[in-house]
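Here is the structure we will look at.
The values are calculated or read from the model by the stated rules, or taken from the named source; none is laboratory data. Since the structure is predicted, the reported quantities are computational estimates derived from the model, not experimental observations. Please note: Cβ atoms are built from the backbone with ideal geometry, for glycine as well, and neighbour counts cover all protein chains shown. Only protein heavy atoms, including side chains, enter the accessible area calculation; ligands, DNA and RNA are left aside. Shrake-Rupley method; radii C 1.70, N 1.55, O 1.52, S 1.80 Å.
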Amino acid sequence: HDPDFFDELYGLKLDKWAWWTRGFAVPTAGGMTVEHEVHRKRRGALNPFFSKASIVSNMPVIQEKLAVMCQRLDDIVKSGNRQVLDLEAIYLALTTDVLTQCSYGWTYDYIHNPEWAMTWKLVNTGGRASAAIVRSFPLIGPIVRSMPLSVASQPVPPVGLALLHI
């Protein structure tokens, strides 16, 4: 509760633990960068995409996707069909469609999908769940990536889904 402690706590320049990143297929990705200064430079290259001007220029895309999401939710309410909605999947559909449209000019169109982004949610959940195993046994990643998709997806279906989305 001490605002003066903020800089001391968050001003630290620490490297990531190397074991935290091992076993993943993207060792040079920003999130997998071990050295603080290298990570800072890679993250800095992304800063223009998150500037106020960039966000404002992408507002039409954001508003369009948000309007679709709201309309779909309104339609569900108006139908009187009581159902449980997975808000994580709904917001994942929204953010994935906005980010892919703004970044790549195309989208997976999850926001229009009746199941929202449940498959992509399983991929993300499976990835997070397998991260500890891959970190502990880094050879698993290259072995799984060398397998045919039909084989790799059998023991852990989200692995196959992730490979389809790459």
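A quick yes/no check of all residues on (1) acidic (Asp, Glu); (2) in contact with a Ser or Thr (Cβ under 9 Å, 6 or more places away or on another chain); (3) farther than 28 Å from residue 142 by Cα; (4) in a helix (DSSP H, G or I):
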| site | (1), (2), (3), (4) |
| --- | --- |
| 27 | no, yes, no, no |
| 42 | no, yes, no, yes |
| 53 | no, no, yes, yes |
| 83 | no, no, yes, no |
| 121 | no, no, no, yes |
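Determine the pairs where a residue that is within 16 Å of residue 32 (Cα to Cα), located within the range 129-144, has a partner that is charged (D, E, K, R) and open to solvent by 40 Å² or more (accessible area, probe 1.4 Å) with Cβ atoms under 9 Å apart, the partner being 6 or more residues away or on another chain.
134/22; 135/22; 138/22; 141/22
Which residue is modelled with the lowest pLDDT, if the candidates are limited to the range 67-93 and must be open to solvent by 70 Å² or more (accessible area, probe 1.4 Å) and among the hydrophobic types (A, V, I, L, M, F, W, C)?
84
Only residues that are closer than 17 Å to residue 134 by Cα and surrounded by 13 or more Cβ atoms within 10 Å (Cβ to Cβ): list them for the range 21-33, please.
21, 22, 23, 24, 32, 33
List every residue pair whose Cβ atoms sit under 6 Å apart, with the two residues 6 or more apart in sequence or on different chains, where the first one lies in the range 27-54 and is of a type in the set (Lys, Arg) and the second, anywhere, is open to solvent by less than 80 Å² (accessible area, probe 1.4 Å).
Sorted first by the residue in the range 27-54, then by its partner, the pairs are 42/30; 42/33; 43/30.
Test residue 44 against the criterion of being surrounded by 10 or more Cβ atoms within 10 Å (Cβ to Cβ), out of contact with any strand residue (DSSP E or B) (no Cβ under 8 Å at 6 or more places or on another chain) and either closer than 26 Å to residue 105 by Cα or aliphatic (A, V, I, L, M) (or both), and give yes or no.
For residue 44, the condition - surrounded by 10 or more Cβ atoms within 10 Å (Cβ to Cβ), out of contact with any strand residue (DSSP E or B) (no Cβ under 8 Å at 6 or more places or on another chain) and either closer than 26 Å to residue 105 by Cα or aliphatic (A, V, I, L, M) (or both) - is met.
Which condition number does residue 108 fail, the rest of (1) part of a helix (DSSP H, G or I); (2) modelled with pLDDT of 90 or more; (3) within 28 Å of residue 144 (Cβ to Cβ) being met?
Here residue 108 meets the rest and fails (1).
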